[in-house]
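Heads up, the thing below is written out as structure tokens.
Nothing in this text is a laboratory measurement; each read-out follows from the coordinates by a stated rule. Since this is a predicted model, take the numbers as computed values, not measurements. All Cβ positions, even for glycine, are placed from backbone atoms using ideal geometry, and neighbour counts span all protein chains on display.
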Amino acid sequence: MNVQTARRDAVFQTLRFEQPEVCPYYVWVDKEMAPSLAAHYGPERFIDHGDGTCTFDASYTAWHNIVALPVSNSGDTFVDEYGCHLRRWDAFSVEKPALPEPSLEGYTFPDMADDAHFRHMDAWCTQHAERFRIIQLGILFWERTWLMRGMENICMDLVLNPAFAEALFAGLEEVCTRVIDRLLTEYGDRIDAIGFSEDYGTQRGLIIGPTHWRRFVKPGLARMVERIRAGGKKVYLHSCGHIVPLIPELIDIGVDILQPIQPEAMDIFELKRQFGRDICLMGGISTQYTLHSGKADDVRREVADCLEKMAAGGGYVMAPAKAILPGVPVENAIALIDAFLAQNGS
């Protein structure tokens with residue numbers, strides 16, 4: 001079996017809850033960390049995606065984000081296509097919401113399925129042909145509501161302005177559906193999964209409770225998941241934080257891959273025990289604690305634990321829960337990558 005089919009095949013194998021010869025893995029690196037690691041592994045091994053992160057070339061998966069583009073800039077802030085005034089370098093710092101009042105009157109949603117958002121897709125698909133390719137709709141559904149309204153406002157809207165909230169989710173679902181349809185129509189033979197960046201949790205619990213999530217988020221998400229699966233693609237969902245109460249419902253609507261299973265927020269081994277035959281778990285290596293504050297031996301120990309307990313029986317793609325960020329000791333990052341590579345004798 002040649003390399004170009006082996007990596008994708010290994011991911012599909014683990015998605016079928018079969019035991020691949022090598023546990024698939026993904027290594028993503030903050031661009032500021034890449035030069036230090038490139039000095040050790042070689043610069044050609046880090047694929048720059050132009051979004052502030054790089055993929056290590058031995059990774060079994062890759063993902064590409066479709067995100068709102070800036071339309072104007074002013075010093076440290078910019079305005080994106082939705083009209084959200086955001087602080088530069090922090091997509092979640094809302095300086096001024098697009099909808100200061102709970103009304104869509106006079107508002108026009110942007111077209112995220114136009115050519116501007118797809119200009120790099122052909123090259124990206126070719127570049128990552130040997131990997132399992134995931135396209136993520138970045139901050140376009142639940143997360144987009146609080147960029148448009150502000151977190152406090154949207155949480156209050158779910159209670160005080162439910163008709164507006166439902167209309168807002170419906171508009172965002174329509175935007176996302178157009179993106180999904182274009183991906184399936186034009187790139188269906190070159191991508192493997194379509195997914196969402198959602199962040200339903202903090203490290204202590206859900207941002208909104210299950211009752212409101214079921215009313216406002218779940219119906220649209222379920223329709224989009226069904227559309228993706230009907231198009232023959234796997235469904236990927238990113239959510240940081242403690243989201244255990246939602247996992248059975250994500251499984252029920254058809255989500256195939258849950259990332260990053262943040263170990264600072266959830267017991268990942270318990271997740272494997274409860275849900276490891278129903279959903280593929282991706283991530284699990286602590287960027288926040290072990291990589292940042294541990295020793296190289298701690299990193300190697302955590303990788304070994306994940307290989308023993310998470311990879312058993314398939315259903316797991318090993319990865320750091322976040323990119324390897326500035327502040328992570330280089331020796332820890334090298335210990336992580338070397339432990340991943342050691343599976344196949346590299």
As a Kirkwood estimate from alpha-carbon pairs, the stretch 169-247 has a hydrodynamic radius in angstrom of 13.4 Å
Using the Kirkwood formula over every pair of different C-alpha atoms, what hydrodynamic radius in Å results for the stretch 57-142? 15.0 Å
From the residues Ala6, Ile261, Thr55, which one has its Cα farthest along the dipole of the chain in the positive direction, the dipole being from +1 and -1 charges on Cβ of Lys/Arg and Asp/Glu about the Cα centre? Ala6
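Once you have the Kirkwood Rh of the stretch 1-120 from its Cα pairs, apply Stokes-Einstein at 37 °C and 0.692 mPa s and quote D in µm²/s.
It comes out at roughly 184 µm²/s.
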With the Cα gyration tensor of the chain in hand, convert its eigenvalues to equivalent ellipsoid semi-axes via √(5λ) and list them largest first in whole Å. 32, 22, 21
Distance between Cα centroids, the stretch 190-259 to the stretch 75-104: provide it in whole Å. 24 Å
Value of relative contact order over the chain, rounded to a whole percent, pairs C-alpha under 8 Å and six or more apart: 20 percent
Students often forget the sequence filter, so: which lysines lie under 19 Å Cα-Cα from Lys295 once same-chain residues fewer than 8 apart are removed? Lys322
Under a point-charge model restricted to the Cβ atoms of Lys and Arg (+1) and Asp and Glu (-1), what is the dipole moment magnitude of the stretch 3-344 relative to its Cα centre, in debye to the nearest 20? 560 debye
With Cα coordinates, the longest principal axis of the chain makes an angle with the long axis of helix 218-230, in degrees rounded to 10, of 50 degrees
I want the local charge near Gly150. Using Cβ-Cβ distances under 14 Å, sum +1 for each Lys or Arg and -1 for each Asp or Glu among the other residues. -1
Note the full-extension length gain between Asp338 and Thr177 as 0.36 nm times their separation in residues minus their Cα-Cα distance, in nm to one decimal. 54.0 nm
Please state the equivalent ellipsoid semi-axes for the stretch 214-342: what are the square roots of 5 times the Cα gyration tensor eigenvalues, largest first, in whole Å? 29, 15, 13
Most fluctuating of Ala38, Ala62, Ala335 in the GNM of the chain (C-alpha, under 10 Å) is Ala38
Hey, what angle do you get for helix 162-187 against the long axis of the chain, alpha-carbon based, 0 to 90 degrees rounded to 10? 50 degrees
